[in-house]
Amino acid sequence: MLITLKIDNYINKNFKKELKYLVLLRHETLLKTHYSKMSITPYEGRLLSLISKLVNPKLILEIGTFTGYSTLCLAEGLKKEGKLITIEKNKNWKIISDKYFHLSPFSKKISSLQGDALKIIPNLNLKKIDLVFIDADKKNYSNYFDLVISKMNSGGIILSDNVLWHGKLFNNIENYDKISKYINIYNKKLSQDLRIENIIIPIRDGLSLSFVKI
Ligand SMILES: C[S@@+](CC[C@H](N)C(=O)[O-])C[C@H]1O[C@@H](n2cnc3c(N)ncnc32)[C@H](O)[C@@H]1O
């Protein structure tokens, strides 16, 4: 958490009430997994929902479903005929995510794939993507970016989560752990890639927003 608890509490009191199925999903994730912290927070969820509504995408690709909280937030902005493909490696989470996809109004629009995104993405017969959310294993962020960039629509958005990595990137670079090194290389890569305009938003653990120009 990079912003103070006080700021976080205040912000949390000042957005629209969390949708019922999102509340239930968050509680079930907390009860049935030991990894509820992997989910985005309700506050970050509202930002993803708003970005998605602004983009109003026809096709969203999410890498790293977990129990589906971010999936359902992103789905809120889909066009009527829009589609969201989400990929998750760990089959244990699918029971929970599928349950809540069905409870939501978006079940027909969500295609939930189980397996390694690195292997699945090259074989997807995708039309151009409007919005991508990268939120899986940090060491492969650069690989995911390389896999999706040529499939993006001009004006599309690539979001990448945890790009401030618990504040560890502010340490001396010699003391970086493995993941900090990967994320730092990724952030540098995004800042230098001429096909995008990139900005890091200091929300929760850092979210980067890359606007695709090509
Ligand atoms: C941080 S969690 C995703 C959280 C989710 N976006 C949310 O907000 O609820 C990262 C997920 O990526 C999955 N993952 C890791 N490596 C993966 C890969 N190569 N392919 C697909 N999923 C992967 C993990 O199993 C984990 O569930």
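The values are calculated or read from the model by the stated rules, or taken from the named source; none is laboratory data. The structure displayed is predicted, hence computed values, not measured ones. Cβ placement follows ideal geometry from the backbone for every residue including glycine, while neighbour counts extend to all protein chains displayed. Surface areas here come from the heavy atoms of the whole protein model, side chains and all, with no ligands, DNA or RNA. Shrake-Rupley method; radii C 1.70, N 1.55, O 1.52, S 1.80 Å.
Evaluation of residue 178 against the conditions (1) more than 16 Å from the ligand (Cβ to nearest atom); (2) loosely packed, with under 14 Cβ neighbours inside 10 Å; (3) without any contact (Cβ under 8 Å) to a residue 40 or more places away in the chain; (4) not hydrophobic (A, V, I, L, M, F, W, C) shows that the sole unmet condition is (1). Filtering segment 77-97 to residues that are farther than 21 Å from residue 119 by Cβ, away from the ligand (no atom under 14 Å from the Cβ) and surrounded by fewer than 20 Cβ atoms within 10 Å (Cβ to Cβ) leaves 79, 80, 81, 82.
Kindly establish whether residue 24 is surrounded by 18 or more Cβ atoms within 10 Å (Cβ to Cβ) and more than 12 Å from the ligand (Cβ to nearest atom). When the stated conditions are applied, residue 24 does not pass them.
Taking the criterion of being more than 12 Å from the ligand (Cβ to nearest atom), closer than 15 Å to residue 133 by Cβ and touching a Lys or Arg at 6+ places or on another chain (Cβ under 8 Å), the residues of segment 41-59 that qualify are 46, 57, 59.
The residues of segment 98-127 that are open to solvent by 70 Å² or more (accessible area, probe 1.4 Å) and within 9 Å of the ligand (Cβ to nearest atom), listed by number, are 114, 119. Looking only at segment 43-62, residues that are open to solvent by less than 30 Å² (accessible area, probe 1.4 Å) and in a helix (DSSP H, G or I) come to 6 in all.
Condition check for residue 38 on (1) within 16 Å of the ligand (Cβ to nearest atom); (2) more than 14 Å from the chain's Cα centre (by Cα): one failure, at (2). Taken over segment 182-205, residues that are surrounded by fewer than 16 Cβ atoms within 10 Å (Cβ to Cβ), among the basic types (Lys, Arg) and at pLDDT below 95 amount to 0. The requirement of being over 30 Å from residue 177 (Cβ atoms), in contact with a helix residue (DSSP H, G or I) (Cβ under 9 Å, 6 or more places away or on another chain) and open to solvent by less than 50 Å² (accessible area, probe 1.4 Å) is fulfilled nowhere in segment 133-145; no residue meets it.
Taking the options 2, 72, name whichever one is at pLDDT 95 or above and either surrounded by 16 or more Cβ atoms within 10 Å (Cβ to Cβ) or within 27 Å of residue 164 (Cβ to Cβ) (or both). Exactly one residue qualifies, and that residue is 72.
Quick check: is even one residue across segment 190-211 of a type in the set (S, T, N, Q) and in a helix (DSSP H, G or I)? The answer is yes; a qualifying residue exists.
Taken together, the residues in segment 146-155 that are open to solvent by less than 30 Å² (accessible area, probe 1.4 Å) and either within 14 Å of the ligand (Cβ to nearest atom) or part of a helix (DSSP H, G or I) (or both) amount to 2.
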